[in-house]
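The values are calculated or read from the model by the stated rules, or taken from the named source; none is laboratory data. What you see is a predicted model, and the numbers here were worked out from it, not measured in a lab. Note that we place each Cβ from the backbone using ideal geometry, even for glycine, and neighbour counts take in every protein chain shown. Please note that ligands, DNA and RNA were not included when accessible areas were found on the heavy atoms of the full protein model with its side chains. Shrake-Rupley method; radii C 1.70, N 1.55, O 1.52, S 1.80 Å.
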Amino acid sequence: MAIVSRGFRGRRTEDPRLPPGQYLERGFPVLSAGPTPRADLDTWTFSIRGADGERGSWTWRELQALPADDIVRDIHCVTRWTKLDSHWRGVSLDRLLDAVRIEPDEQYVLAHCDGGYTTNVPLADLRGGQAWIAYGYDGGALPPEHGGPARLLIPHLYFWKSAKWIRSLQLLDHDVAGFWERLGYHEYGDPWKEQRYWGD
Ligand SMILES: Nc1nc2c(c(=O)[nH]1)N[C@H]1C(S)=C(S)[C@@H](COP(=O)(O)O)O[C@H]1N2
Ligand SMILES: [Mo]
């Protein structure tokens, strides 16, 4: 038994880009808590809101007109798959957040999606070149099942934080748990600290 367990640990840690407890996935699994919503791009908007209402809003065309980044990152799902070097295109959240008024005490964000999914993330994790509103994947449009027309992309946190079908970010002066966070997933979700569930 000791030999088996040592061998298993050895294989898992071979690739330094795999966080603890993760395995290498070459495909791109789809994980959705409900059906894939279909958006009408003529009426679609992405907005940032505070307690007093809307602070900024972009139509699909306005978002497309903003300078975009090509992003290559590893992504880590809490169900233990890791996909290396995934290719995305999208608008940096630094750019979008810089365009709106944010009060000093608004340090928390709740992301809202078509279909009702939510997830919470500290505002600081959306800044500093760490997060995007992504609308491209692998050289093409982001497929609907993977969050198209646009999704949050926060590759340094477990992938449930990368909300698909994103429609708005709500700025908050206190942390509010999202869909999975209420059901037992970790409030922060750092894959390198293996923060999968409450208490990790
Ligand atoms: N709107 C929405 N976003 C979501 C989800 C969801 O169910 N609905 N699932 C999350 C989870 S648990 C994961 S692992 C990733 C999966 O993204 P993928 O289907 O593109 O692999 O999306 C995240 N974003
Ligand atoms: Mo997930």
From (1) more than 16 Å from ligand 1 (Cβ to nearest atom); (2) surrounded by fewer than 18 Cβ atoms within 10 Å (Cβ to Cβ), pick out the condition that doesn't hold for residue 31. (1)
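Please find, among 152, 126, the residue that is in contact with a Phe, Trp or Tyr (Cβ under 8 Å, 6 or more places away or on another chain) and either away from ligand 1 (no atom under 11 Å from the Cβ) or on the phi < 0 side of the Ramachandran plot (or both).
Details: 126 fails: in contact with a Phe, Trp or Tyr (Cβ under 8 Å, 6 or more places away or on another chain).
After ruling out the rest, the residue left standing is 152.
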Does segment 37-52 hold any residues that are in contact with a Pro (Cβ under 7 Å, 6 or more places away or on another chain) and either of a type in the set (A, V, I, L, M) or open to solvent by 40 Å² or more (accessible area, probe 1.4 Å) (or both), and which are they? 38, 39, 41
Selection count where residues are open to solvent by 70 Å² or more (accessible area, probe 1.4 Å) and away from ligand 1 (no atom under 16 Å from the Cβ), scope segment 68-98: 3
Mind listing whichever residues of segment 106-119 are touching a residue at least 60 places away in the same chain (Cβ under 8 Å), over 9 Å from residue 179 (Cβ atoms) and open to solvent by 20 Å² or more (accessible area, probe 1.4 Å)? 107, 108, 114, 115
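With the condition being among the acidic types (Asp, Glu), I'd like the strands (runs of 3 or more DSSP E) fully within segment 37-142 carrying at least 1 qualifying residues. Don't jump to the end; show me each part of the working.
Working: elements: 45-50, 53-59, 69-76, 81-92, 108-113, 118-122, 132-137.
Where strands (runs of 3 or more DSSP E) fall fully within segment 37-142 and carry at least 1 residues being among the acidic types (Asp, Glu), they are 53-59, 69-76, 81-92.
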Residue in segment 120-141 that is most open to solvent (accessible area, probe 1.4 Å), counting only those that are more than 22 Å from residue 175 (Cα to Cα) and free of Cβ contacts under 8 Å to residues at least 24 places away in the same chain: 141
Selection count where residues are open to solvent by 10 Å² or more (accessible area, probe 1.4 Å) and outside any loop (DSSP other than H, G, I, E, B), scope segment 152-195: 12
By residue number, the members of segment 131-168 that are touching a helix residue (DSSP H, G or I) at 6+ places or on another chain (Cβ under 8 Å) and within 14 Å of residue 92 (Cα to Cα) are 131, 132, 133, 135, 150, 152, 154
When you check residue 55 against the structure, is it loosely packed, with under 14 Cβ neighbours inside 10 Å and over 15 Å from the mean Cα position of the chain (by Cα), yes or no? no
